[in-house]
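Asker: Have a look at this one.
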Amino acid sequence: MTEQHEQQYCIKFCQKLGDTQVETIRKIQQAFGDDAMSNSRIKEWYNHFKDGSISVDSEPCSGRPSTSRNENVIEQVRTLVMEDHRITVRELANETVHSILTEDLGMRRVFAKFIPKLLTMEQKQCRLEIAQDVLDNANSNANFLNTVITGDESWVYVYDPETKMQSSRWKHPTSPEAKKSTAGLQQCEGHVGHFLQLLVLHRLRDAVRRKRLDLWAANTWQLHHVIAPAHSAHLIQTFIAKHNIPVVRQAPYSPNMAPCEFWLFPKLKMPLKGTQFESREDIMRNATVRLITIPIDAFQKCFQQWEKCVHYQGDYFEGD
């Protein structure tokens with residue numbers, strides 16, 4: 001018999017003899033000294049026996065599933081998790097519950113992620129319609145993607161530190177700790193405003209005229225860029241309308257649907273991290289070399305985001 005059970009029998013004995021809670025607490029503490037239960041536990045067991053219970057074994061907790069792995073327990077775990085998605089395994093029970101969550105219920109614990117905006121149903125519907133429209137055009141016209149010209153602007157740094165993953169390395173227990181400095185992080189070119197964006201459009205239009213002669217002659221090229229203040233400014237919209245430049249529809253609050261934002265910039269800039277550039281020309285030269293190394297067919301895959309948007313009914317999706 002454990003010492004806890006001994007104390008529980010003593011509490012039951014005192015209650016049967018008609019001792020009060022105060023008298024019972026005094027006798028338990030006198031008999032067991034420092035090993036005595038806390039006052040609250042003694043009161044709890046005293047009331048337990050006073051209510052007519054005769055067992056000295058603890059009853060199962062009502063809000064917690066047992067460790068037995070069966071359909072009833074699995075359903076209890078499902079109910080608890082559905083009521084509170086932030087509940088931890090420690091709060092649920094033990095490793096058995098973890099197995100139920102991951103194996104039987106097929107669940108995994110994920111972190112909340114930042115998104116551009118909490119979308120309304122109307123905004124989700126807008127994203128869905130635009131993504132479906134683009135997919136329909138791509139499926140019905142094999143040459144559609146060849147007519148789309150996309151572009152955007154991004155921050156450029158003279159020095160951009162490597163990511164934590166890029167700078168990881170193997171080391172012995174006695175090896176010195178690896179360190180890296182953020183000193184020297186400086187901007188070479190700021191984020192463009194709508195006046196500079198206008199200059200970019202002038203250059204883009206001239207580049208299409210020189211490099212895409214077929215699209216220029218037939219005027220079948222289409223501009224695809226994210227909706228941003230610099231792009232939606234009146235000055236920019238006037239330029240687009242004046243030169244009759246078709247624009248592929250882009251949903252608001254949807255940087256994950258613009259190829260430059262979610263695909264090209266990370267692919268272009270990641271290899272440049274950790275390199276100290278001497279000038280703007282040095283940055284442009286290295287960025288151009290990296291851009292050329294990206295296979296042409298890889299650009300086709302970046303439009304799979306539209307399919308994901310349709311699959312998730314216009315909502316933001318994991319991995320965007």
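Computed from the coordinates by the stated procedures, all read-outs in this text should not be read as laboratory data. The structure displayed is predicted, hence computed values, not measured ones. Methodologically, a virtual Cβ is constructed for each residue, glycine included, from the backbone with ideal geometry; neighbour enumeration extends over all protein chains shown.
Asker: Could you derive backbone 3J(HN,Hα) for region 18-27 from the dihedral phi with the Karplus parameters 6.51, -1.76 and 1.60 (θ = phi - 60°), listing whole Hz in sequence and x where the residue is Gly or Pro?
Answerer: So the J values, rounded to whole Hz, are x, 5, 7, 4, 4, 5, 5, 4, 4, 5.
Asker: Here is a further query. Could you check the spin-label model distance between Ser38 and Glu103? Points 7 Å from the Cα along Cα→Cβ, value in nm.
Answerer: About 3.5 nm separates the two model spin labels.
Asker: Continuing with this model, one more query. Taking H placed 1.01 Å from N in the peptide plane, check which residues at least 5 places from Val148 or on another chain put their amide H under 5 Å from its amide H.
Answerer: It is Gln222, by chain and number.
Asker: Still on this model: Defining a contact as two alpha carbons under 8 Å apart and six or more residues distant in sequence, what relative contact order in percent does region 3-50 show?
Answerer: Numbers: 29 pairs, mean separation 23.0, N = 48.
Relative contact order for region 3-50 comes out at 48 percent.
Asker: Considering amide H positions built from the backbone, and no H for Pro or chain starts, which residues 5 or more places from Val156, or on another chain, come under 5 Å of its amide H?
Answerer: Under 5 Å from the amide H of Val156: Cys188, Glu189.
Asker: So which chymotrypsin sites (Phe, Trp or Tyr not before Pro) in region 130-166 pass both tests, a DSSP loop state and at most 15 other Cβ atoms within 10 Å of the Cβ?
Answerer: Here the chymotrypsin sites (Phe, Trp or Tyr not before Pro) that fit, given the DSSP loop and packing criteria, are Trp155.
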